[in-house]
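One structure is given here, and the rest of the page talks about it.
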Amino acid sequence: MTKLCTAAVALVLAGSAIACSDSNPKSGGSIAFEELPAKYAEAACAAYQKCFGPIFNLFLNGSDCADLMAKRLDNGTFSLLSNKIDQGTVVYNANKAQACLDAVSALTCDGLLERDQPACLAALDGTVALGGDCDLDEECKGSALCRSSSGTCPGKCVALLSAGQACEVDGDCDSGLQCSKETKLCVTPAVVGENCENGAPPCSPGLLCLGKGDDATPKTPGVCRNATDAFRAAEGEACDVKAGTLCQTGVSCVADSLDVVAGTVSWLCVKTGSYKTGDTCKPGVPEACSGGNYCKTGTGLAALTGICTAIPDALQPCGTGLGAQCKTGAVCVAGLCQNYAENGVGCTGDDMCYSEYCGTTGGCELRVPCK
């Protein structure tokens, strides 16, 4: 992966650093500099699709991976790299970019935790050595970050972070590590069969953290499982969202009935799309209502049944229940669906910004190491 995509891949699971160099920056060769975001997004999404398989789309709420990632890149530090190329602190080799993209698209799940592909380091790289002045991560040579203790520029190029060090995104951490969303520390991700989240590390790419207990205090961790192990129940068979026994592709695990005495829910696999607009429905994972709808439920016992209702659009209250909260292209922020926004557009939370940063002035901004 690459420095260029650190913010973009937060949309799924990993980040890192694209590094590359040339005598004819920004144009010419096999891939023009301006084409990189779209082409890199296609390559990275291909790698994620291969790693996660058919469950990958569950993370995207109907969005096109390549389109969303390209927009994250365009609203990220890519917009500043042209000037850095002119200044000589970043160099780009258009003739070697395709080899980088090929290497990225060929990555396995384990490869998603690698911070730099040699082919990418040959295509886009910084020229500033460790300890040198920088404004962006991309200016630092090889696997390194730009950091400023004061928050003002210039910062200094430093080595990638080790386990236990404070981080913001996966790409801050050394190869093989992820940035825990809970602790904001670099950690070694959990593998199959190990505890995950709720105080334990996140799962490695390609694995799902299932069976977490979120109702009790303290919350109990889940267990990392392969998608093929988790999504195995067929239509008509029992499933259990909480335990992590889910249904095969094209089938939803719905809350079928409640044992009031025991206080337990029985789950059943039904064909996805079984409930039509206006039908009484049961909440499920993934959504069991027909396209464009979700099972709108109440609370308490009323959370076990609902009505298939149009998925909320932007500026409407977010949906309730287990299904999609907002239409494709929108995200739930503070209980209200908001369209994804470009830099400079007003925002109410980080999640609605392509840059994943709603600045102190109330508008989506580029997140940079220093200002």
Normalised by the residues of region 234-339, what does the relative contact order come to in percent, with Cα pairs under 8 Å and at least six apart? 19 percent
Got a sec? Charge dipole of the chain, +1 on Cβ for Lys and Arg, -1 for Asp and Glu; which of Cys186, Gly88, Ser63 is way out at the positive end? Ser63
Taking the Cα centre of region 216-371 as origin, work out the dipole magnitude from +1 charges on Lys and Arg Cβ and -1 charges on Asp and Glu Cβ, in debye rounded to 20. 80 debye
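A 26 angstrom limit on the alpha carbon distance is what I want to check against. Which of Lys71/Lys242; Lys39/Lys141; Lys96/Lys181 exceed it? Display every interim value, and only then the final one.
Values: Lys71/Lys242 34 Å; Lys39/Lys141 23 Å; Lys96/Lys181 34 Å.
Correct reply: Lys71/Lys242; Lys96/Lys181.
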In Hz, Karplus ³J(HN,Hα) per residue of region 150-160 (6.51, -1.76, 1.60; θ = phi - 60°; x = Gly, Pro): 8, x, 9, 8, x, x, 10, 6, 10, 5, 4
Of the peptides 238-245, 267-274, 66-73, how do they stack up when ordered by the mean number of other Cβ atoms within 10 Å, highest first? 66-73, 267-274, 238-245
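Determine, for each peptide in 310-317, 330-337, the mean count of other beta carbons within 10 angstrom over its residues, then list the peptides with the highest first. Mind showing how you got there, number by number?
Working: 310-317: 15.4, 330-337: 17.6.
Answer by packing, highest mean first, reads 330-337, 310-317.
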With both bridge residues required to lie in the chain, what share of the DSSP beta bridges run antiparallel, to the nearest 5%? 85 percent
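Translational D (Stokes-Einstein, µm²/s) of the chain at 10 °C and 1.306 mPa s when Rh comes from the Kirkwood sum over C-alpha pairs?
Details: Rh = 21.9 Å.
Value of D from the Cα-based Kirkwood radius: 73 µm²/s.
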Which residue, Gly263, Gly171, Gly132, has the most motion in a Gaussian network model of the chain that connects Cα atoms within less than 10 Å? Gly263
Spatially proximal lysines relative to Lys276 (Cα-Cα < 19 Å; intrachain offsets below 8 disregarded): Lys296, Lys327
With the crude spin-label approximation of a point 7 Å out along Cα→Cβ, what separation in nm comes out for Ala243 versus Asp229? 1.5 nm
Which distance in nm do the two modelled labels at Glu34 and Thr183 give, with both placed 7 Å along the Cα-to-Cβ direction? 4.6 nm
Give me a comma-separated list of calculated 3J(HN,Hα) values for region 122-132, in order, Karplus coefficients 6.51, -1.76, 1.60 applied at θ = phi - 60°, integers in Hz, x for any Gly or Pro. 7, 10, 9, 8, x, 10, 8, 6, 3, x, x
Check Asp279: other-chain or 5+ apart residues with amide H under 5 Å from its amide H, H built from backbone geometry? Cys308
When the chain is treated as a GNM, springs tying every alpha-carbon pair under 10 Å, which of Ala122, Ala234, Ala262 comes out with the largest mean-square fluctuation? Ala262
Whole-Å distance linking the alpha carbon centroid of region 292-313 with that of region 164-203 is 34 Å
If the chain between Ser175 and Gln49 were fully extended at 0.36 nm per residue, the gain over the current Cα-Cα distance would be 43.3 nm
For Arg147 and Thr348 in one chain, what is 0.36 nm times their gap in residues minus the Cα-Cα distance, to one decimal in nm? 69.7 nm
Highest mean first, what order results for 104-114, 288-298 on Cβ atoms within 10 Å? 288-298, 104-114
What is the sum of charges, Lys and Arg at +1 and Asp and Glu at -1, for the other residues whose Cβ falls under 14 Å from the Cβ of Gly62? -3
Using only alpha carbon pairs under 8 Å that are at least six residues apart, calculate the relative contact order of the chain and give it in whole percent. 12 percent
Using only helices, what value at 222 nm comes out for the chain when you add -39,500 (n - 2.57) per DSSP H run of length 4 or more and divide by the total residues, to the nearest 500 deg cm²/dmol? -4000 deg cm²/dmol
Taking the Cα atoms of region 234-339, report the difference between the largest and smallest coordinate on each principal axis, in whole Å and largest first. 39, 30, 26
Taking the chain as a Gaussian network, Cα atoms linked when under 10 Å apart, which of Gly164, Gly300, Gly349 shows the biggest mean-square fluctuation? Gly300
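Val265 to Val191: extension gain in nm, 0.36 nm per residue of separation minus the Cα-Cα distance?
Working it through step by step, the gained length comes to 23.7 nm.
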Karplus (6.51, -1.76, 1.60) ³J(HN,Hα), θ = phi - 60°, over region 59-69, in Hz, Gly and Pro reported as x: 7, 9, 6, x, 6, 7, 4, 5, 5, 5, 5
Given H placed 1.01 Å from N in the peptide plane, which residues other than close sequence neighbours of Val333 have an amide H under 5 Å from its amide H? Gln338
Taking H as built 1.01 Å from N, whose amide H comes closer than 5 Å to the amide H of Cys153, not counting residues under 5 places away? Lys371
Among Pro312, Ser252, Thr280, whose Cα projects farthest towards the positive end of the dipole of region 251-371, with charges put on the beta-carbon of Lys, Arg (+1) and Asp, Glu (-1)? Thr280
Would you work out which of Leu113, Leu336, Thr264 lies farthest towards the positive end of the dipole of the chain? Charges go on Cβ: Lys and Arg +1, Asp and Glu -1. Thr264
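We did not get these values from a lab; they are worked out from the coordinates using the rules stated. Quantities reported herein were computed from a predicted structural model and do not represent experimental measurements. Cβ: placed from backbone, ideal geometry, glycine included. Neighbour counts: every protein chain shown.
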